[in-house]
Amino acid sequence: MVGLKEELLKSIWHAFTALDLDRSGKVLSHNLCTVLNVPHDPVALEEHFRDDDEGPVSNQGYMPYLNKFILEKVQGNFDKVEFNRMCWTLCAKKNLCKSPLLISDEDAFKVWVIFNFLSEDKYPLIIVPEEIEYLLKKLTEAMGAGWQQEQFDHYKIALNTSREGLSAWELIDLIGSGQFSKGMDRQTVSMAINEVFNELILDVLKQGYMLKKGHKRKNWTERWFVLKPNIISYYVSEDLKDKKGDIILDGNCCVEALPDKDGKKCLFLIKCLDKSFEISASDKKKKQEWIQAIQTTVNLLRAGSSPPHKEARQKRKELRQKLLAEQEELERQMKELQTANENKQKELETVRKQLEAAAARAAEEEKKRLQTQVELQDRFSLELEREKMVRQKMEEQVAQKSSELEQYLQRVRELEEMYKQLQEALEDEKQARQDEETVRKLQARLLEEESAKRAELEKWHLQQQQTIQMTEAEKQELENQRMIKERALQVAMQQLEQLELERKEALEQYEEVKKKLEMAANNTKSWKDKVAHHEGLIRLIEPGSKNPHLITNWGPAAFTEAELEQRQKSWKGKKATSE
């Protein structure tokens, strides 16, 4: 009801501003009550329009009466075209341009109604350039002509420089002048205005001739169909005088294509709760357009949405409001920036003055500084000469000290090199002693294994002597055991020979280590003499004295006499235990 009230107010506003309410306010109110089907109260009407300070031209005004006694009682059961025509009649004579137009008065009325639909919700009513462009595009499309965007852009620029938009009468003059419909005759322009009027004002989504199958006689009759947001009406002809019926649409309706039958083509079916309607279009394109249009209308009913053109108008308004809010915000930010810039300018001016004063003080101080500098330069020149002489003497002393230091460093480097070589010789001697100890341990292990093998051989020899003294009956068995033991003895002898070879190899390794040790001792003695010759401060660590080696059948032994006696006692003890 709020949207309906706003639409009514726009038309009433034109009539309201065109009349002298002191003389014609009662007539306007009476006509409004008549066309809006509102029961009016003559007493309240006379009371409101009495000739005193409470009348419509006083501070109380006409709008409170209009809202309270008329608009709040509107139910929507009235003819919108008749209502608009009544308001048009009251205002057209006073405002319509007297110059001849290319459109008829009826077309001018329709343009006026379209203006009320597309205008902004503020007074005085105007239509903004975006809505003008939308309307002109619709008219151009309906006329089958091409849209001249460049021409409209020039017109829009000229319009924006002078005002925000056009009034209803200026819009009628614009369309009636033919500026955007050049080359089109009056009839084409009139048909285009009527088509746009039917779509935007009468909510006609689609219309045209089709064949409809009867419910009783099942015959096919041509009808003029008009599709609106919730109804499809069909008439005898396009003049809409003889209405034959309605198809009520709701969210439960559906439309589907039918195959050709009974000689009829391009068939489709509209299913409602109580009835179904078979319809035949003139061609496949028309059939598809009607099916799509009806299905879109049913979908909008299911979703509870407004017709497409009203939805589009609301989106355009919301977009303009958003852009306006953004523009106001931008202007506010620009003002803030401008204010901040002015404050900055003032601050900069203050800083500039402070800098000028500081520059003057700095110039005075610079003058004093230069005078002081000249005096200091003379004093510093004398001190500089004295410093040069002192520096020259110091450089000579530094050169002498540097020469002595270089000689001392050279001597230190030679001593460090000798120390490194001595360290290497000591490392070689230490390694030779380690090798000698390893060979000595190897010889001891071989002798121990040799003594163990000899003890085992003697044990086997005694066992053989005992077996010889056995009886003849046991001789054969003992002979077998003897053979086995002999084979074991042969294996032991082979192992003994192998140990002998390993001992010889160990002896050879010992000789090599001994030679290395002697060479290391000679190197150490040589370096000792050199170091004693240079400094006399370093004392080499010499290897300890060696006890004389025992000589065996195989060469020098790896054990001392005490170690050998200990091993002989151990061997004898093991032998006595085995016997």
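Below is a table of values for the structure above.
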read-out	value
Flag if Leu478 is of a type in the set (A, V, I, L, M), crowded, with 16+ Cβ neighbours inside 10 Å, touching a residue at least 60 places away in the same chain (Cβ under 8 Å) and assigned to a helix (DSSP H, G or I)	no
Condition met for Asp105 (in contact (Cβ under 8 Å) with a residue 60 or more places away in the chain and among the acidic types (Asp, Glu))	no
Filter result (part of a helix (DSSP H, G or I), open to solvent by 10 Å² or more (accessible area, probe 1.4 Å) and either without any contact (Cβ under 8 Å) to a residue 60 or more places away in the chain or β-branched (Val, Ile, Thr) (or both)) within region 108-125	none
Residue that is modelled with the highest pLDDT, among those in region 160-186 that are surrounded by fewer than 18 Cβ atoms within 10 Å (Cβ to Cβ) and farther than 17 Å from Leu102 by Cβ	Ser167
Residue satisfying all of: in region 251-264; more than 18 Å from Lys206 (Cβ to Cβ) and loosely packed, with under 14 Cβ neighbours inside 10 Å; nearest to the chain's Cα centre (by Cα) among these	Gly251
In region 231-272, the residues that are in contact with a Cys (Cβ under 8 Å, 6 or more places away or on another chain), assigned to a loop (DSSP other than H, G, I, E, B) and free of Cβ contacts under 8 Å to residues at least 24 places away in the same chain	Asn252, Asp260
Within region 280-325, tally of residues that are among the acidic types (Asp, Glu) and either surrounded by 11 or more Cβ atoms within 10 Å (Cβ to Cβ) or closer than 16 Å to Glu199 by Cβ (or both)	2
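The values are calculated or read from the model by the stated rules, or taken from the named source; none is laboratory data. Only a predicted model underlies this, so the values are computations on that prediction, with no experimental measurement involved. Reconstructed Cβ throughout: ideal geometry from the backbone, glycine too, with neighbour counts over all protein chains shown. Each accessible area value is taken on the protein alone, full model and side chains, heavy atoms only, with ligands, DNA and RNA left out. Shrake-Rupley method; radii C 1.70, N 1.55, O 1.52, S 1.80 Å.
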